[in-house]
1. Can you pull the one-decimal nm distance between simple spin-label points at Lys44 and Ser151, each 7 Å off the Cα toward Cβ?
2. Given charges of +1 on the Cβ of Lys and Arg and -1 on the Cβ of Asp and Glu, with all other atoms neutral, how large is the dipole of the chain about its Cα centre, in debye to the nearest 20?
3. Contact order normalised by length for segment 206-320, with contacts defined as Cα pairs under 8 Å and 6 or more residues apart; what percent is it?
4. If you fit an axis through the alpha-carbon atoms of helix 272-287 and take the longest principal axis of the Cα set of the chain, what angle between them do you get, 0 to 90°, nearest 10?
5. Remind me, relative contact order of the chain in percent, using alpha carbon pairs under 8 angstrom and six or more residues apart?
6. Pop a pseudo-label 7 angstrom from the Cα along the beta-carbon direction at both Ala68 and Thr242 and give the gap in nm to one decimal.
7. Going 7 Å from the Cα of Leu366 toward and past its Cβ, which residues in segment 293-331 have a backbone nitrogen under 17 Å from where you end up?
8. What is the gain in length, in nm to one decimal, between Gln126 and His382 on full extension, counting 0.36 nm per residue of separation less the C-alpha to C-alpha distance?
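The values are calculated or read from the model by the stated rules, or taken from the named source; none is laboratory data. Computed from a predicted structure; not experimentally measured. Note: ideal-geometry Cβ built from the backbone for every residue, glycine included; neighbour counts use all protein chains shown. These area figures cover heavy atoms from the full protein model, side chains too; ligands, DNA and RNA do not enter into them. Shrake-Rupley method; radii C 1.70, N 1.55, O 1.52, S 1.80 Å.
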Amino acid sequence: MTTPHTIAVLGLGRMGEAIATRLTTQGWDVVGWTRSGRTSGALKTLGDPNDAVATADVVLLALSDGRACRQVLDNVRDSLQTDAIVLNTSTIAPAEASALARQLGPAYIHAPVLGSVPAAAAGTLQILAAGAQDVLDRVGPVLEALGTVRSVDDASTAAGLKLIANHSLAGAVLALRDSLRQADALDLPRAQVLDTLELGQLGGFVTRKRPFLTDQPDAVTAEFTISALAKDMTLLATASHTPLRSAAGLAHPSADAEADIALAATAPAAEDAVLEPLRAYIRGHATGDPTHFRDAFLPSAHIEGIRDGAFVSWPLDEYCSLFSGQPAPDEPTRARRLDALDVHGTVATATMTLSHGPDTFTDIFLLVHADGSWRIANKAYHRHL
């Protein structure tokens, strides 16, 4: 078994530079290359990736996506040493990882990493490594300098597990966002909210990201950007063919895509304007006054669902005729709760639960922004029996 001596790191973004710096401090001869040409000056870099890989025992990829991996490898393939190992730490789709493994054969190790820039700098990454055992043995010292190696069956599995790990991270971001929005609605002090969250299930994440959740988040360098995590969630949704709320939920018009993922948790809640038709709808049920429904819905709206075993589709006028103008006798015991609201430019969807005596309804709304205001375009409901 021959221990590698020279490592070419292709891709010197946040993670690539942190990995290259870590390997340099651990005694390896490291040369870097970046597509953008921008470097910090702290590492030895070359302008041509072919020059970077020409004498390298290990070619480590830290690139943004699968397309970049393919393009760079196609460019340097003729310059690779005969026994060079390609070590890919990039987050790409399972199918892309499988294709690269087939293309490069035993020389390819797919090794996505869990952890961000601080973990790379400290050598505490969790590495999901897939490849031929003899090649893994050869590259083992390099991987162990970066963190803990966990052997995985194949490249596709390694890529899929990395996406699942990042999905849990996206879930933590969205859970923190919901907690902060609810706390703001209760006028709770942000510092005390963060102190309390650090005691619970989100504690580790809140502690790590607290510098980004203070009054001056721009003073802290991003570790993992919103755009990078959103890209990974899109890869996962595409690969799994399964609905994935976080793929769209991370994006917000007010958030800088290149900001740290923690800033996605601080995106403000929906403006009152989009909530107003939903509030008017609630007022209509609370008072029995159909005027509120006419304020809530577009004139062309339909209310649809299953009633007495048959599908119904009421025009707005017919729906309004169902209400007497007086509250229901048991109104004091009734409750309505807005469960979800997602705004996408000029359209939005919302889900509401209504508890009306022995009946519980789930209402799903499609809203549109037209002529300067939000209105409900259609509603579908389900009555829980």
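1. Modelled inter-label distance: 3.3 nm.
2. In debye, rounded to 20, the chain gives about 240.
3. For segment 206-320, the relative contact order is 18 percent.
4. 40 degrees
5. Rounded, it is 10 percent for the chain.
6. Here the modelled spin labels are 2.8 nm apart.
7. 297-306, 312-316
8. Extra length from Gln126 to His382 when fully extended: 87.6 nm.
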